[in-house]
Amino acid sequence: MGPLVRKLGPTKTLFVGLLLQAVTTTLFGFLNLIPTLYLFMGISILLRILEGVGFAASWVGSYSVIPEVYPDDVAVIVGSMEMAQGFGLTIGPMIGGLLFTIGGFMATFLLPGIILFLMTFLTPFMFTKFPMGGANYEGDIRIVLRKPRILINFVILAAITFVLSSINATLTPFLHSTFNMSPLTIGFMLGLHGALSAVLSPIWGYIIGKIDTSVPVLLGALVIDILGVAILGPLPILGIPVQVTKQIITPQRAI
């Protein structure tokens, strides 16, 4: 997405990303009308891929604005943005579970789609300082990754993201099959991660801004993440019984 930001500029990249997410999210709500399984799976995968591209574009576009607007408070602003994301991750699963309970599959996607469309068309007015055209950003990802400090951050973030993505894909069916939880209750369980993230992100951002490095924090987070995943399973060698309380208090949910 770096070359895209250089060509389009952060505002247009953010606009395109949000628009792509809005379209794919809305279309996803109509997938239950498809009669055949293979067609359903094919279109689902295509929409998810396009949604991922849109998310990446909007994410990179929004973060590209920070160093120019707040050059002296990057860590604090990033922490605040992570807090906003955590808030969304907190209420999102619960609202999604409630919408599914009340309105079914279609309602779960139509409401977020409408919100994304609204945010898409507000973007040009919210970032008036940055034109919708391209910008003269310079840089090469290969040069950046040659720096050990950045490479370590990249590897740790990739590992933590991989773990969280795997859990999001497997925890829902696990909770449903093991504890027979309702969609609303599962949404609450998934929202715990976002709630703790919203609370802790500004704190970690402030700490990183003071120590001027993120490596110790990332290494500590990775250790906690490993312990949390071992308990969340739980890992057979630990001999921990599978209980709902273990799902609630596991340290991994705090990352």
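Computing FRET efficiency as 1/(1 + (r/R0)^6) for residue 210 and residue 39, where r is the C-beta to C-beta distance and R0 is 41 Å, gives about 0.15. Backbone N atoms of region 146-175 closer than 16 Å to the 7 Å Cα→Cβ label point of residue 85 belong to residues 153-168. The string of couplings for region 175-183 from the Karplus curve (6.51, -1.76, 1.60, θ = phi - 60°) is 5, 5, 6, 7, 10, 6, 6, 7, x Hz, one whole number per residue in order, with x for Gly and Pro.
Between residue 55 and residue 176, the C-beta separation translates, for a Förster distance of 30 Å, into a calculated FRET efficiency of about 0.70.
Each label was represented as a point 7 Å from its Cα along the Cα-to-Cβ direction; for residue 73 and residue 158 these points are 3.4 nm apart.
The numbers here are math on the coordinates, done by the rules we state, and not lab data. Here the structure is a predicted model, which means the values were calculated and not measured. Neighbour counts run over all protein chains shown; Cβ positions are idealised from the backbone, glycine included.
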